[in-house]
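Report on one structure; see the data block that follows.
The values are calculated or read from the model by the stated rules, or taken from the named source; none is laboratory data. From a predicted model like this one, the values you see are computed outputs, not experimental measurements. Don't worry about glycine lacking a Cβ; one is built from the backbone with ideal geometry, like all the others, and counts go over all protein chains shown. Accessible surface areas use protein heavy atoms only, side chains included; no ligands, DNA or RNA. Shrake-Rupley method; radii C 1.70, N 1.55, O 1.52, S 1.80 Å.
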Amino acid sequence: MDRSGTPLWPGLALAAATSIALVAYGVNPWLTLAVALVWAGSLFLIAINPPAEEIIKVEDPFSSDNMAQLVEYSGTPILVMEGSRITVANRAARKLLGKHIIGQDMRVAMRHPKAIKLLESKKNGAANIQGLVRRRDVWRINRQNLGNGVSVVELLNQTAETDIARSHTDFVANASHELRTPLASILGYVETIKDSEGNLPPEKTEKFLDVILGEGRRLQSLVSDLMSLSRIEAEKHDKPRENLPLAKLIERASKDAAGLERADRLEFDIEKDMTVLGDERQLEQLVRNLVDNALKYGDTDGKVTVSLSETDNAEAKISVTDTGNGIDPEHIPYLTKRFYRTDPGRSRAAGGTGLGLAIVKHIVERHLGRLDIASELGQGTTISARIPAQDT
């Protein structure tokens, strides 16, 4: 019988009858036998049952076990929820929220009204959450339903982007204020001179013109510093590659900052010449800014010491020390912020833009160094830049 249950003997009988007829008609017996064997063989092949079909069980691709293996090593915190219960938390999520969240109700794990509202919803969606982990953190939560009550929650840290946007907003506001002040003075005095129709006393006119000139120079310095800061930030990822001996560079930049009228206040303490991988223009600007600040805000008649030494970590240490009144400790952490001033009135009177140390900080960071500020009230201030030295 074949695989459908039909008996084989009718086919075999037909093959035998056909063979006898062929022999009777004079066909070669061997050829007739071969045909009969092929006929019979084909009948037996038909009768063979094929192997049973193998049934492959397909696992649910969205099971907790499968999802856990899939997301474990992602750098983004990812949670898998079944209903409102967290069944999977990858390594990044456990580090962020704690190992205890696995098995918890998401309302207990999150504890944030906006996050809970999103995760309780049966719809896909996203929400920005502030203070999920720390007070100033900003996270974007994306929720995607996979069916069968399973959903995936992705946590994206938006804190850096928010801080950058806030920093840009503050920078524009501060820059606008700093530019507006000298412009208002210039316009005010120019209008006064113009409205007087030449009736102002010469000495007063001279005084007004001096103010206009001073404010113009202050405006020029501010624009120059803004351009310098912008250029340094644009180059911060380009590693300096020029081998620069520092001793002559420091002396040249210091004297340039002091000018002829303040050069006698400089003292140099250079232990030995050292070489660094650097940007010559930026390192000169670093020294000029530090020396200029020390001369402006230190003791009016005091000396400013510029030194170069080697640290125990094979770093070139450029230090500038003044003999001024020093800086209150509460101000020191903020000195490298843009437009930060410990004494705004004194700084503006001295022609400061509030950007000098911000520029210095960015230059030091580009050169893979560190900036240190040490100061005591009544004892003066020392600002040091440490930059990795090259073997000579």
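Numbers below:
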| quantity | calculated |
| --- | --- |
| The range 239-390 shape via C-alpha gyration tensor axes, a/c threshold 1.5 | prolate |
| Euclidean distance between Cα centres, the range 106-144 to the range 274-299, Å | 48 Å |
| Largest-first ordering by accessible area, 1.4 Å probe, given options ARG241, ARG262 | ARG241, ARG262 |
| Accessible solvent surface per residue of the range 161-233, calculated while the other protein chains remain in place, 1.4 angstrom probe, Å² | 67 Å² |
| Rounded accessible area of GLU178 (nearest 10 Å², 1.4 Å probe) | 10 Å² |
| About the Cα centre, charge dipole magnitude for the range 274-327 (Lys/Arg +1, Asp/Glu -1 at Cβ), debye | 140 debye |
| Anisotropy class of the range 213-308 from Cα gyration tensor, a/c 1.5 cut | oblate |
| Order by protection proxy (mean Cβ within 10 Å, highest first), peptides 307-316, 74-83 | 74-83, 307-316 |
| For the range 86-220, Kirkwood radius (reciprocal of mean inverse C-alpha pair distance, Å) | 19.9 Å |
| Global form of the range 161-233, assessed from the alpha-carbon gyration tensor, a/c cut-off 1.5 | prolate |
